[in-house]
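What follows is calculated from the coordinates using simple rules that are stated; it is not laboratory data. Since this is a predicted model, take the numbers as computed values, not measurements. No Cβ is skipped: glycine too gets one built from the backbone with ideal geometry, and neighbour counts run over all protein chains shown.
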Amino acid sequence: MIDRQTVPFKITNIFHGLKEIQGLIGLEENGLKIEYEEQDSIFGMIKSGVSTIKIPFDNLQEITFKKGWFGGKIVLEGNSMEAFNGLPGTEPGSRTLEIKRSDRDEAQNLISHARMRLSEYKLEKMEGER
């Protein structure tokens, strides 16, 4: 069971450092749900309003968590450059979500469950193709 349904994250250096993304990532039955808001990174005043995207397991190649001294990073690797349409980022076919230190353990737990579900999904898909 997942302790917390969502984990806050940040994506920085959007539009040459002028914008950043603040959001929540959560695990759903068939993929990940991401709610986010764009804001200017200088004052944090101009906000875009909340957007929601769902990333089905079919679009994901890999999900990893990298633990650091001051936080962590969730790295989402897509099957194509279109895997994360709608979620701003600087890497084609991939997104790196920065996690604060206080949310690091919850993020690691969430990603552990997401990796397990992604593996189960891939196994079911392979069995269905036989």
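The table below lists the values:
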{"quantity": "Which of PHE84, PHE65, PHE70 has the fewest Cβ neighbours within 10 Å, and the rest in rising order", "calculated": "PHE70, PHE65, PHE84"}
{"quantity": "Extension reserve of the ILE46-MET81 stretch, reckoned as 0.36 nm per residue once the Cα distance is removed", "calculated": "9.8 nm"}
{"quantity": "Mean ellipticity per residue at 222 nm, deg cm²/dmol - from DSSP H runs of n ≥ 4 across the chain, formula -39500 (n - 2.57)", "calculated": "-7000 deg cm²/dmol"}
{"quantity": "Extension reserve of the ASN30-GLN108 stretch, reckoned as 0.36 nm per residue once the Cα distance is removed", "calculated": "26.2 nm"}
